[in-house]
1. Place +1 on the Cβ of every Lys and Arg and -1 on the Cβ of every Asp and Glu in the protein assembly as shown, take the dipole about the Cα centre, and give the residue among B:Ser15, A:Val270, B:Phe237 whose Cα lies farthest towards its positive end.
2. Once the convex hull of the alpha carbons of region A:204-247 is built, what does its volume come to per residue, in cubic angstrom?
3. How are the Cα pair distances of region B:220-352 distributed, in percent, across 10 Å bins from 0?
4. Take the Cα gyration tensor of the protein assembly as shown, multiply each eigenvalue by 5, square-root it, and list the three semi-axes largest first, rounded to whole angstrom.
5. Once you compute Rg and the Kirkwood Rh from C-alpha atoms, what is the Rg to Rh ratio for region B:52-155?
6. What is the Cα convex hull volume of region A:1-155 when expressed per residue in Å³?
7. Which of A:Phe226, A:Leu151, A:Ala190 sits closest to the plus end of the dipole of region A:65-290, meaning its Cα is farthest towards the positive end, when Lys and Arg get +1 and Asp and Glu get -1 on the C-beta?
8. What are the membrane-span-like helices in chain A by this rule: whole DSSP H runs, Cα extent along the axis at least 24 Å, mean Kyte-Doolittle hydropathy at least 0.0?
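Taken together, the values in this text are just the output of simple stated rules run on the coordinates, not laboratory data. Not measured: the values here are computed from a predicted model. Positions of Cβ are generated from backbone atoms using ideal geometry, with glycine treated the same way; all protein chains shown enter the neighbour counts.
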Amino acid sequence: MQRRVVFPHKLLPWLLLAPQLVVTLVFFYWPGGQALYMSVLQQDPFGANVQFVGLENFRLVFADEGYLQAFWRTLYFSFAVTVLAMVPALVLAVMADRVVRGSVAYTTAMLIPYAIAPAVAGVLWLFMFNPSIGVLAWWLKALGVDWNPTLDGSDAMWLVILASAWKQVAYNFLFFLAGLQSIPKSLLEAAAIDGARPMRRFWTIVFPLLSPTTFFLLVVGLVYAFFDTFGVISAVTQGGPAAATETLVYKVYKDGVHNLDLGGSAAQSVVLMLMVVALTVLQFRFVERRVHYA
Amino acid sequence: MAAISLRQVVKRYGSGATANPVIHGVDAEITDGEFVVIVGPSGCGKSTLLRMVAGLEAITDGEIAIGGRVVNDVEPSERDIAMVFQNYALYPHFNVFGNMAYGLRIRKLPEAEVKARVEKAARTLELSHLLDRKPRQLSGGQRQRVAMGRAIVRQPQVFLFDEPLSNLDAKLRAQTRLEIQKLHGELGVTSLFVTHDQVEAMTLAQRMIVMNAGRIEQIGTPEQVYGQPQTTFVASFIGSPPMNLLAGTAEGSGFTVGEQVLALPSPAPRAGALLLGLRPEHAQLTEREGEGWPFAVDLLEMLGAERLVYGRLGGSAFTLRIDGTLVPPKAGSTLRLTAPSQRLHWFDPATGQRVEA
Amino acid sequence: MITAGTSSASPDPLRPGLAWLAHAVLWLGIAVTAFPLYIAFVASTLTAPDVAQAPMPILPGAHGVDTYRTILLQGLQGTYLSPPVWQMMWNSLLMALIITAGKIALSLLSAYAIVFFQFPGRMVAFWLIFLTLMLPVEVRILPTYEVVSDLGLINTMTGLTLPLIASATGTLLFRQFFLTIPDELVEAARIDGAGPLRFFKDVVLPLSATNIAALSVILFIYGWNQYLWPLLITTDNRLDTIVVGITKMIGTGDATTDWPQVMGTTLLAVLPPALVVVLMRRWFVKGLVDSEK
C-alpha cells in the first residue's frame, strides 16, 4: 500500500492534492452531504418552508406504491439488460478467439457501440422501432405483431432493454475476449487429447476459468443498468408510457426536477447511494480475488 | 576524494519499546582513496550501513563524516557521493548518454562539460558505441557499466557500491571485478563496496570490514582477516571451504577432542575449554608412524587442482584439502595430520573471541 | 492482456473446418452492431417525406450532401431551434477535452502525492478521493445542480466540466502504476539531486505516457457522451452539446420530426468517439482493462 522509499516533504503533498481535493469537496462531498441533509427535510419547491422530518421521507418513499414498482421494474430491467448483453458477447468472444485472421477488424468493429452515448443509442433504436416510421416496427407489423411502445408499456420496456443491451455487448465482448486469451492453450489441447469434444471442453474448462470475468461483468453490468441507462430512458420513453419504463434512477430525476419533490427525491438518492456502495464493495471484494487468479 | 568516518553509528527501526536495532554502534575510519569492502551474510546490516553513508537511510545515533564534514542531516545529493545499485537503477526512458548526464544536468553543468565527461567515462568503460541505446536494449553487464559510468562522471569524493555484481553471471562477475579494480587504480577514489561474497571481498579490498548481526567483527587487510581472524565468525566466514573449528580441552601440550588427545606443536595459550581453528589447506599429511592426529576419512570431493576430504578428527567433523594429483585416500581409511603452530588459531568457546598464544 | 492482433487463437485441433462458422457468427454480430448505424445513415441521405412513409427504403438516397450541409451550417429549425451542428460538435469537443485534461492532470498530481510521500492525513486523503468512485453523478444530481447554481456557473463551460472532473477514475489507475516504479530509481534520482517535482517531471511523467494515453481515450469518450449533466446545466441552446442536441431534436418523436436531419446529426455525434476507438484501439483496450482492476 505504501512504497518503501518516499520523499520526506510534508507540505508539498498537500499542495499536490489540493486541486483534486478542492474539486472533490465542492462538487462531490458538499452535494452529497446536501442530498443526505435534504433527505430528512420536507420543503416546498421554493425552499421557503423547511421542516426537519427525520426519516419520514424514507417512510413515504417505501410506502409509495409507485416507488416499489419502480424498484422491481429496475431489477427486471437490469437483469434483462445484463443477460442480453452478456450471452451474445460471450458467444462472439469465443468466435473471435478462434479466428486467426481478421480478428483485429472484428474486434474493432464490435467495440464501436462503446463509443456511442446511451442517449444516442436510444435515439437510434427509437428510430428503428418508431410505430409509424420505424423500419423494424414495420417488419414487426408485417409479421402480425402489434407493436406500439408509445402505448404499450412492455413494448416500451423491450425497446429500452434492447437499446441498452446493444451498447453494453461491446464492453462485455472486450473483457470476455481478454479472459479467453488468458486461458493457456495447453489446457485445451490436453483436454482434446483426453477426448473431450468442443462443447464439453467449453463447459468444463473454459467456462469455469472465465467465471471471475463473468462475475465481474455481472456486477459492472448491473451498475451500468442501474445508472448509465438513464440516457436511454430519458431520450426514448421519458419513463413512460405511464411509468412503464421508469427505473429508480429516472424516478429520482423526475421527482426532483419535474415534480419538485425535493425531500422524496433526495431520500431516493440516498437509497440508491446505499445500493451502489453495496455493489461497489461487492465488486472490489471480488476484483481483489480476480487479481489473484491472474 | 575524502576520508569517511563512522563513529558509534546506530540504526534502529521504530521507536520506544518496540524499537528494532539493526546496527549496534559501529566505528570505522576509511582513509582517503582507500577501497574498503563491507562483507557479511544477508541481514547483517551492511547495506543499511552503506545507505546511511549515502543518506538514503536516516542515522538514529552516532555520526558519519565524509571529508571531515559531518553529514548526518545532509541530503544525498549534497554529500558529493555517487552510488552503483545492485539492480542498476537506470532511467528506462533515457538513453545511455542521458542516464549518465542526468545528475550533471541537474547540477547545471555547462552542456560542453557534460558531453566531455560522459564521453570520457564511456571510453573508459567501453560504452562509446552504446550511447544512443536505451537500457532495455543492453545486456546485464552493459547496464552495470552504464551504472558505473553514471557514478564516474559525477567525479564525487566517494563511490558507494551496493552489491553491484550480484545480478551478473559468474563469468561476468569475475570480469567486472577486474574492471572495478582497474578503475580504482586509475581514479583512486575512496570506495565503499558492499557484498555478501567473500571472494569478491578478498579480491577487491584493500581493507575489509566483516559484519555480522549489526556489529563489526573485524576490520583489516585481506591478509589480516584471513591469517589472524579475531572471532570464530570471521574465521569461518572468510576462506572457502571454511576453517575447521574443533571444540575441546587444552592441557599442557595436548588438546583433547572427544576421546582423542591431539599432540600440539606448542602449548595452547591457556588451559581449559578452547576452540581450535585450522584451515583445510593448512593441515598436512604425514606418513611417519606415531606422529600426527588420526583423521578418519568419510567422503571425497574432486575439484580438479585440489581434492576435499571430509572426515572426523576425534569424533568432530573435519575437512582437509589436498593436492588433486595425489592418490586419493580411501573412504574409511585413517590418515595422519599435522599442522605448524603458526597455522593454529585459538578461540574462546563462550565468546568466540581469538585467544592469543 | 488483449492482443487482438496477434491472437494465436485456439484453432480447434480437432475441427479446423469450423472456422467458417466462427466467421459467420462474427459477421452476424457485426451486422447487428452496425444495423442501427446503417439505418441512420440511409435515413440521413433520404428526404423527410421518404423517411416518414413506412417502410423506409433500405438503400441510401441522394440527399445526403444537402442534409449534412444544412445541419452543419444551420442546425435544425423545428420545435427545437438548434444551433448549427458544427457549433454543437465544438461544444462537445471542448467539454470532452477539458474533462480529459482536467481529470488526468488532477489524478496525476494526487496519485503522486499519495504514493511518493508519507505524511499525516495521507490515508484520509486517499479515502476521500477513493470514495468518489462510489457515486455516479445521477445520484447526486440535484444538490450538485444547486451548488453549481450557487456558484453562478450555470450556462458556463466551467460549470459543465468541473463537477465531472471530481471523480477519482484516474487517481486509482495512476496510483497502481506508480507503485510499480522501482525504489532504486527514486534513490538514484535522489542521489543525482532530483527533488520530488523534478523527479515527477523527468522520470514519472515520461514513464506514465502509455497510461496517460490509454486513460485519455476512455475519458474523451466519457466526456463527449455526457448527457444528464449538460442537459440540466445549460438553458442557453447555444451551449448544447451534440448529444443533448439530438435528444431535444426528437421532440415528440413522430413524423413531424425532420428525421434525415436528426439521423445525420446522430451519425456526426457518433463519428468522433468512434474514430478515437478505431484509431487508438490499443490504448483504448488498455485503458478499459486497466481502469477496472
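1. Most positive-ward Cα: B:Phe237.
2. 80 Å³
3. In whole percents, the pair-distance histogram is 13, 44, 35, 9, 0.
4. Working: eigenvalues 1101, 211, 152 Å².
Equivalent ellipsoid of the protein assembly as shown: 74, 32, 28 Å, largest first.
5. Computed over Cα atoms, the ratio is 1.02.
6. Each residue corresponds to 303 Å³ of Cα convex hull volume.
7. Working it through, the farthest residue towards the positive pole turns out to be A:Ala190.
8. Numbers: long enough: A:65-98 (50 Å, 1.05); A:153-181 (41 Å, 0.96); A:262-293 (46 Å, 0.99).
Membrane-span-like by this criterion, though nothing is claimed about a membrane: A:65-98, A:153-181, A:262-293.
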